[in-house]
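A short write-up of the structure that comes next.
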Amino acid sequence: MDSTIELGLNFTDEFSMACVINDLKQEDVLQFFINRASVYAFNGGDMETLSLYATSTVIECKNSLQSEPTPVTERRIQLMSLKYITLLSDLIHDESLSKVEKMRRNFEIMREWDREMSPYTTYEKTFRIDESRYLLLTFEFNLLCKFNGLTPKQVLQHFINNISIARDRATNLLGYVHTNASVSLLILFALSRSMNKSWQPVKMDIYNWYSDRLVDLDQSLKEENSVEERLNVYNAFYSDWYQTLMNNIN
């Protein structure tokens with residue numbers, strides 16, 4: 001279900017609903033995803049859960065599109081990349097450092113890599129969503145895209161397309177079946193934001209009312225074995241929640 005196309009990104013209804021219900025701006029969710037994508041995690045490093053989810057989404061995009069990276073032919077960049085990938089590999093296998101220490105050292109390595117590589121790359125540093133909104137593309141995000149033969153636009157669109165809180169709930173209602181990395185990232189972002197901000201009273205009232213109804217709905221759907229039937233019910237429920245918010249806030 002596609003609602004709006006703005007300069008190359010197609011914001012699905014499901015993505016819009018997930019953002020509005022969780023009181024999140026679309027651009028903030030996308031920027032959070034970009035910022036958490038990790039070359040260290042891509043190479044097997046043990047990172048925080050958020051970085052693992054973001055990096056998994058990039059890999060899922062590669063597998064979905066069956067993309068292949070374009071080989072780097074410039075000798076200088078080949079040697080530079082080998083140098084830093086070796087540093088990351090050594091860091092991953094260094095048993096003398098704690099996870100926190102490795103994450104700190106990884107940040108330093110990536111900063112050094114960015115500084116050394118920048119004069120020889122043409123990575124875009126911004127991605128415009130529309131006339132008033134844009135995203136900042138980090139060096140790591142650009143690098144991950146290159147490693148997987150993808151463009152930032154392809155990865156961002158894949159992330160958007162993967163967001164469906166209705167399908168995620170319908171799939172896992174009766175027990176864990178599948179972790180949707182994109183949805184999990186959005187939910188964890190929403191939880192982190194809710195701890196540090198005050199909601200408008202009307203938003204909080206609506207959120208509490210629908211949250212209570214959602215618990216009852218979960219219970220009633222546990223007798224329904226069809227994922228698609230559960231999905232239809234959840235889609236209708238979340239659509240009603242979304243419309244209630246839009247009607248009362250706007």
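The values are calculated or read from the model by the stated rules, or taken from the named source; none is laboratory data. Small disclaimer: the values here were computed from a predicted structure and weren't measured. Neighbour counts run over all protein chains shown; Cβ positions are idealised from the backbone, glycine included.
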### Message
If I filter segment 61-78 for residues that are β-branched (Val, Ile, Thr), in a helix (DSSP H, G or I) and within 18 Å of the chain's Cα centre (by Cα), do I get at least one hit?
### Response
no
## Note on the structure
Taking first residues from segment 135-161 that are under 17 Å from PHE42 (Cα atoms) and touching a residue at least 24 places away in the same chain (Cβ under 8 Å) and second residues anywhere that are among the hydroxyl-bearing types (Ser, Thr, Tyr) and part of a helix (DSSP H, G or I), the pairs with Cβ under 9 Å that are 6 or more apart or on different chains are PHE139/SER118; GLU140/TYR40; LEU143/SER81; LEU144/THR55; VAL155/THR57; PHE159/THR57; PHE159/SER182
### Query
What number of residues within segment 93-121 satisfy the criterion of being among the hydroxyl-bearing types (Ser, Thr, Tyr), outside any helix (DSSP H, G or I) and farther than 27 Å from VAL29 by Cβ?
2
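Report, by residue number, each residue of segment 191-203 that is surrounded by 10 or more Cβ atoms within 10 Å (Cβ to Cβ) and not β-branched (Val, Ile, Thr).
LEU191, SER192, ARG193, SER194, TRP199, GLN200, LYS203 - these are the residues of segment 191-203 that are surrounded by 10 or more Cβ atoms within 10 Å (Cβ to Cβ) and not β-branched (Val, Ile, Thr).
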### Query
In this structure, does LEU135 turn out to be in a strand (DSSP E or B) and at pLDDT 95 or above?
yes
### Task
Taking the options SER192, SER239, name whichever one is polar (S, T, N, Q), part of a helix (DSSP H, G or I) and at pLDDT below 95.
SER192
### Task
Being buried (at least 16 other Cβ atoms within 10 Å of the Cβ), at pLDDT 95 or above, within 24 Å of SER118 (Cβ to Cβ) and of a type in the set (Gly, Ala, Ser) is the filter here, so list the residues in segment 53-101 that pass it.
ALA54
#### Entry: Residues of segment 204-220 satisfying the condition of being among the β-branched types (Val, Ile, Thr) and surrounded by 11 or more Cβ atoms within 10 Å (Cβ to Cβ)
ILE206
### Query
Here are PHE159, PHE107: which of them is buried (at least 16 other Cβ atoms within 10 Å of the Cβ) and of a type outside the set (S, T, N, Q)?
PHE159
### Task
Mind listing whichever residues of segment 172-190 are surrounded by 14 or more Cβ atoms within 10 Å (Cβ to Cβ) and of a type in the set (Gly, Ala, Ser)?
ALA181, SER182, SER184, ALA190
### Query
If you go through segment 146-182, how many residues are within 16 Å of the chain's Cα centre (by Cα) and assigned to a helix (DSSP H, G or I)?
15
### Filtered residues of segment 193-221 (kept if acidic (Asp, Glu) and closer than 22 Å to ASN172 by Cα)
ASP212, ASP216, ASP218
### Task
Could you please give the count of residues in segment 222-236 that are farther than 14 Å from ASP168 by Cα and surrounded by 13 or more Cβ atoms within 10 Å (Cβ to Cβ)?
1
